[in-house]
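Notes to accompany the following structure.
The values are calculated or read from the model by the stated rules, or taken from the named source; none is laboratory data. Nothing here was measured: the structure is a model prediction, and the numbers come from that model. Here the Cβ positions follow ideal geometry from the backbone for every residue, glycine too, while neighbour counts run over all protein chains shown.
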Amino acid sequence: MSITTVGSALIHYEALGRGRPLIFVHGWLGSWRYWWPSMQALSTQYRTFAFDLWGFGDSSKNPDLYNVKAYVDMLEQFVDQLGVALPVALVGHSLGAAVAMRYASRHPQNVSRLVAVSLPAHGAQVNERLRSLEPDAVLSRILGKSHSFPEVEGEVRKTDPRAMNLTAVEMSSNGHFSELDKVNCKVMLVHGEHDPIVSNPSGEFSYLRETGQRRHFVGLDDASHFPMLEDAAVFNRLVYDFLSAGTSLLSEVSPREMWQRRTR
């Protein structure tokens, strides 16, 4: 376990590998731990980092810090405290995807590429029960046993429910799709087609599913809320290909079967 401090608050994080920096930001359910398979797979090419947001995992618990702005500040402070080389690649999931997107919008020079998994670009995408349920109830009642994993179940009990509830209310109340248009780096949006926590973009926001000059969308037909655990080999290959692809090849990045780097 590694710890860094910001004032009187503690940030728990883990790091693995060598190479260009790659930071993973977790979402509403769990902690840094569900990124571990991805960190292992990508650590031969990247210096990977993952940390616990305030109120989650082993980082400090303080309701005053349970908001997107505080989490963006936290990511900024984490990069500064550890002296992470810039620019960095970011991979964020649900709440963490919104945090990573906002950071990339605020600091365009600091981010090389962004992978946003289950990004709640508008409030209607967020399951309203995240505003009031306990985190373990979300796992059991919404996701169910077939879509839960030890990496999540073992850590979700450490979550301060207010961290999930308050940020779910915030994300449900505000539209964030405009922030996405302000991001200058290449972005890959990844979404499980059967995600009950953050629904797929639809209606007036269906355009987010289109691939453009700077943005690439990948829908995973068989995935729910945790594609990084449901099919780790395919997810990790997808991230690797996106981070490695030349600008002209972004539209060719797609899920590929059977890829796994050797890990110790």
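Points to keep in mind about this one:
- Residues of region 137-169 satisfying the condition of being within 24 Å of ASP64 (Cβ to Cβ) and either over 17 Å from the mean Cα position of the chain (by Cα) or of a type in the set (S, T, N, Q) (or both): VAL138, ARG157, LYS158, THR159, ASP160, PRO161, ARG162, ASN165, LEU166, THR167, VAL169
- Filter result (polar (S, T, N, Q) and either farther than 19 Å from SER31 by Cα or in a strand (DSSP E or B) (or both)) within region 211-250: THR211, GLN213, SER244, THR247, SER248
Residue by residue, here is whether (1) among the aromatic types (Phe, Trp, Tyr); (2) within 24 Å of ARG129 (Cβ to Cβ) holds:
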{"position": "ILE23", "(1), (2)": "no, no"}
{"position": "GLY27", "(1), (2)": "no, yes"}
{"position": "LEU42", "(1), (2)": "no, no"}
{"position": "GLN45", "(1), (2)": "no, no"}
{"position": "PHE49", "(1), (2)": "yes, no"}
{"position": "LEU53", "(1), (2)": "no, yes"}
{"position": "ASP58", "(1), (2)": "no, no"}
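- Residues of region 196-228 that are touching a strand residue (DSSP E or B) at 6+ places or on another chain (Cβ under 7 Å) and among the polar types (S, T, N, Q): ASN200, THR211, SER224.
- Pairs with Cβ under 6 Å, 6+ apart, first in region 131-155 and among the β-branched types (Val, Ile, Thr), second part of a helix (DSSP H, G or I): VAL152/TYR34
- In the set (1) touching a helix residue (DSSP H, G or I) at 6+ places or on another chain (Cβ under 9 Å); (2) surrounded by fewer than 21 Cβ atoms within 10 Å (Cβ to Cβ); (3) among the polar types (S, T, N, Q); (4) modelled with pLDDT of 95 or more, the condition left unmet by SER173 is number (4).
- From the options ASP73, ASP80, ASP58, residue that is in contact with a His (Cβ under 6 Å, 6 or more places away or on another chain), surrounded by fewer than 24 Cβ atoms within 10 Å (Cβ to Cβ) and either small (Gly, Ala, Ser) or not in a strand (DSSP E or B) (or both): ASP58
- So LEU53, is it crowded, with 24+ Cβ neighbours inside 10 Å, more than 16 Å from ALA168 (Cβ to Cβ) and in contact with a Phe, Trp or Tyr (Cβ under 7 Å, 6 or more places away or on another chain): no
- Total residues in region 21-37, condition in a loop (DSSP other than H, G, I, E, B) and aliphatic (A, V, I, L, M): 1
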